[in-house]
Amino acid sequence: MYSNRNAFRTLMKIAAGALLPVLAFAPFLGAKPDTLDREKIPAEFKWDFSDIYIDADARENAVKKTEANIAKFSAMKGTLKNGAESLLAVQKLSDEIGIEIGKIRAYAALQNDADARDQAAAANMQRVVGILAAYGTASSWFSPELLTIPEETVNRWIAQTPALAPYRFQITDAYRLQKHILDEQSEKLISYSARFAGTPQSIFRELSISDIKFPEITLSTGKKLTLTPGAYREILEQSPVQEDRRLAAKTFLDAYAATGNTYAAVYNSILQAGLAKAQQRNYPSVLAAKLDGNNIPASVVETLLTTARRGTKPLQRYMRLRQRLLGLQEIHLYDQSTPLFEDNTKREFAEAKKLVLDAVNPLGAEYREKLAKYLSGKRLDVYENTGKRSGAYNMGIEGVGPYVLLNYNDTDEAVFTLAHELGHSMHSILAMENQPFATSGCTIFVAEVASTMNERFLLDSLLRQTKDPKERFLLLQKAADNIVGTFYTQTLFANYENEAHKRVEKGEPITVDELNKIYGNLLKEYYGDAVVIDDWYARTWMRIPHFYNSPYYVYQYATCFASSAQLYKDMTTGDATSRSAALEKYLTLLKSGRNDYPMEQLKKAGVDLTKPETIQAVIDQMDAIVTQLEKEAELINPGAVKKSPPSGTGK
C-alpha cells in the first residue's frame, strides 16, 4: 500500500496498464516479418508514441510542469481544514499530476519495453522513479491531515459540493484504512524509501532481459537457432519431437539457473520488502496488506488455493489423455503445450484482427465498433524483435488510451493472446470514457475478466466455423490448455508465492535451494503421478516476472477466470431477456472502472467469489472438456483414447 491514497491511486492506475477515426486494417498484409531487427519491421506493426508526446522535448516540458505541480501540492499542506473548496483544489491538482505522470511513465516504459537496450529509455525510467518518489514525499501529509477532519464533516462537504462527488469513493476508503495510515512524520519517513522500492524489479529486469545470454541450440532437424523466449515458446507449442522440446525447456531454464543465486537474492529482497511494508502498516501478513487496498477478504484467496489443490484430478486426467494420444512412454511438463494432432494453421495478423472482431459480436455493435476503431491506430506493437520484452500486456494511459505489446507469431495461440489483450484494451477504453480520472482505473481483481471473456467468445466463434473433428479437437484442446494456464498454473504460482511469503514471515531463510523445493513440491502435488517432473523444472520460479513485479497478483487470473465463466454462462444461457440483462450488467462492470470495491462490482454483475462453488465450477468445466476431447479423439482415431498408457508413467 502506498503512503497516501492520491499518490497510491496514481501508482495503481499506472501499474494496471490503464483513437483514430479510420476503420480499415493496416495496408501491409504480408506474413510475419523474417527479422528481429526492429528498424526493419514495417511501421504499421510498431507503436506510434506521438499520441502520448509529440517528441522528447514535449515530454521534458511535461516533466518540468509536473515537478512544479508536485512542489505546489506540497505547499497545500494545512489547507484542508479550510473546507470543501480547499479539498477540491487538492484533489484536482492530484488528478493533474497523476494524469501527467501516467503519460511520462508510459512514454519511457513503452520505449524501454520495445528495446531494453535503449539506454535513453532506461534513463527516463529512472527519472520516473524519482518523480514518483518526489510525489510520494510531497503528498505524504494528505492522508494524515484528511483524517484529522471528522468523516461526518467531509461527507457533508461532498454532499454540498457536487464537484467533489467523483472523489467520494476514494475519500471514504481512506477512512476505512485509517488504522493503517500513520502520522505525518512517519508517512514522510516511509515515503523516502519509495526511491528504492523499484530497485529489485529493475535488477530482475536487467538480469532477465538485458543481460541474459540465450544460447544457440541445434534441433533434431539440424536447424540451429538462438533460444529467445519467442523461439522457446514456438518449439514447445509446435515441435513434434519430444527430445527437441526437452532440449529447449532445459536449455532455456539453464540460462536462468546460471545466475540462480542472484535471482534468489532478488526475490528475497522482494519478500523482505513486502514484509516490511506490511509491518509498517500494522497488517498481520503480506497477503492481508496486499488484499486490503481493494477490501478483499483473505478467505477468497484461501478458498481458491484450497479448492484448486483438491480439484487437480481433471488436470491429471487431461495429462494422461495427452500421453495416450502422443504415444509417449513418459509425459513431461514440456509436452503440455504440444498439439495432439498436427495443425499447420498460420494466421497472419490481418486475419487475426478480423477473427477477434467477429468473435465479439455477442458483446454488441457498439463494443465491436469501438474495438475496430482502436485497431485502426498504431497502438499495437506486434512482432518480436531483439531486446523487446517477452509476453504481452495492455497499458492504459489516461487521456490517450491503451497501448498493447505483443510478440505475435502467426499461430492460433497468438490469436487468442490478441483477443486477451484487446479485452483489456476495451476495458480501459470503456472505463476511461465513463469514469472521471479518480475512478477510471481498472482494478487488477477485475481486469482479467474482460480478457478471458474475449478468449471464450473467440473459442465459440472458431468452433462454429468448423465441423471437422480434428479442428474441433484442437480448439477444445485450446480451451483445456487455457484452463491449465489461466486457472491451474496461476493458482500454483499463487501457492508458491504464499509459501515463500509465509517462510519470510516466520523468519526462515530464503535460498535458491529452498525456492526450488517449494516450486518442485507444488508441481508434484498438482500433477501427481500423471507427469514426470524433471528436477530442473523446479527453477521455473526464476523467470516469472509477476513474482518480482507484482507479488500476489497471479491468483487474480484464476478468480477472474472463474468470474468470467459465470458471466459468460449468464450471457449465453436462458431466454433473450435474461441474456440481454446479463450483457448489460457485464458492460456496466467494464464501464465502472474502480468506482467501488471489486468484490462488490462483481456481485452486482452476478458473481460471488466467496462461494467455493464458483471456483469448483471451473474444475467441473475442465472435467467436461476432457470428456468432450475424448469423444472427438475417438472420432479421429478410434481406440486411441481407451488404450492403456505406455509404460513409464501414470495409471
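Taking the stretch 51-68 as the range and being surrounded by 16 or more Cβ atoms within 10 Å (Cβ to Cβ) and either of a type in the set (K, R) or in a loop (DSSP other than H, G, I, E, B) (or both) as the test, the residues that pass are I52, Y53, R59. Scoring K591 on the criteria (1) closer than 19 Å to F457 by Cα; (2) at pLDDT 95 or above; (3) out of contact with any Gly (no Cβ under 9 Å at 6 or more places or on another chain) leaves a single failure, condition (1). Contact annotation: no residue pair with Cβ atoms under 8 Å, 6 or more positions apart or on different chains, pairs a residue in the stretch 573-598 that is outside any loop (DSSP other than H, G, I, E, B) with a partner that is of a type in the set (G, A, S) and surrounded by fewer than 13 Cβ atoms within 10 Å (Cβ to Cβ).
Q477 meets the conditions (1) modelled with pLDDT of 90 or more; (2) surrounded by fewer than 18 Cβ atoms within 10 Å (Cβ to Cβ) in every case but one. The failed one is (2).
Looking only at residues in the stretch 638-651 that are loosely packed, with under 14 Cβ neighbours inside 10 Å and under 28 Å from R472 (Cβ atoms), which one is modelled with the lowest pLDDT? Here the answer is S644.
Got at least one residue in the stretch 289-298 being under 26 Å from the mean Cα position of the chain (by Cα), farther than 25 Å from N595 by Cβ and open to solvent by less than 50 Å² (accessible area, probe 1.4 Å)? Looking through the stretch 289-298, none of the residues is under 26 Å from the mean Cα position of the chain (by Cα), farther than 25 Å from N595 by Cβ and open to solvent by less than 50 Å² (accessible area, probe 1.4 Å). In the stretch 69-119, the qualifying residues are those that are among the basic types (K, R) and assigned to a helix (DSSP H, G or I), and the one that is nearest to A134 (Cα to Cα) is K72. Within the stretch 39-50, the set of residues being crowded, with 17+ Cβ neighbours inside 10 Å and over 25 Å from the mean Cα position of the chain (by Cα) comprises just one member, I41.
Listed by position, the helices (runs of 4 or more DSSP H) contained in the stretch 135-208 that have at least 3 residues being more than 33 Å from the chain's Cα centre (by Cα) are 151-160. Return a yes/no flag: does the stretch 526-541 have any residue that is open to solvent by less than 50 Å² (accessible area, probe 1.4 Å), among the hydroxyl-bearing types (S, T, Y) and under 16 Å from the mean Cα position of the chain (by Cα). No, because not a single residue in the stretch 526-541 is open to solvent by less than 50 Å² (accessible area, probe 1.4 Å), among the hydroxyl-bearing types (S, T, Y) and under 16 Å from the mean Cα position of the chain (by Cα). Can you report the number of residues in the stretch 599-616 which are open to solvent by less than 50 Å² (accessible area, probe 1.4 Å) and assigned to a helix (DSSP H, G or I)? Counting residues in the stretch 599-616 that are open to solvent by less than 50 Å² (accessible area, probe 1.4 Å) and assigned to a helix (DSSP H, G or I) gives 6. Just wondering, is there one or more residues in the stretch 233-245 that are open to solvent by 10 Å² or more (accessible area, probe 1.4 Å) and closer than 30 Å to Q119 by Cα? So far as the stretch 233-245 goes, yes, one or more of its residues are open to solvent by 10 Å² or more (accessible area, probe 1.4 Å) and closer than 30 Å to Q119 by Cα. Within 17 Å of A500 (Cβ to Cβ), open to solvent by 10 Å² or more (accessible area, probe 1.4 Å) and at pLDDT 95 or above: does that describe T251? Here the answer is no, as T251 does not meet what is asked. Just checking, does the stretch 164-173 include any residue being at pLDDT 85 or above and of a type in the set (S, T, N, Q)? Yes, the stretch 164-173 contains a residue that is at pLDDT 85 or above and of a type in the set (S, T, N, Q). Note on the stretch 330-449: enclosed helices (runs of 4 or more DSSP H) holding 2 or more residues that are of a type in the set (S, T, N, Q), modelled with pLDDT of 95 or more and open to solvent by less than 30 Å² (accessible area, probe 1.4 Å) are 412-434.
State whether one or more residues within the stretch 381-398 are under 26 Å from A582 (Cβ atoms) and within 23 Å of the chain's Cα centre (by Cα). Yes, the conditions are met somewhere in the stretch 381-398.
Taken together, the residues in the stretch 488-530 that are assigned to a loop (DSSP other than H, G, I, E, B) and within 30 Å of R389 (Cβ to Cβ) amount to 2.
One residue stands out among those in the stretch 69-110 that are farther than 28 Å from W47 by Cβ and within 33 Å of the chain's Cα centre (by Cα): the one that is surrounded by the most Cβ atoms within 10 Å (Cβ to Cβ), which is S94.
In the set (1) open to solvent by 30 Å² or more (accessible area, probe 1.4 Å); (2) at pLDDT below 95; (3) assigned to a helix (DSSP H, G or I); (4) not basic (K, R), A122 fails one condition alone, (1).
The values are calculated or read from the model by the stated rules, or taken from the named source; none is laboratory data. Here the structure is a predicted model, which is why all the values come from computation and not from measurement. Cβ sites come from the backbone with ideal geometry, for glycine too, and all protein chains shown count toward neighbours. Heads up: the accessible areas ignore ligands, DNA and RNA and are worked out on the full protein's heavy atoms, side chains in. Shrake-Rupley method; radii C 1.70, N 1.55, O 1.52, S 1.80 Å.
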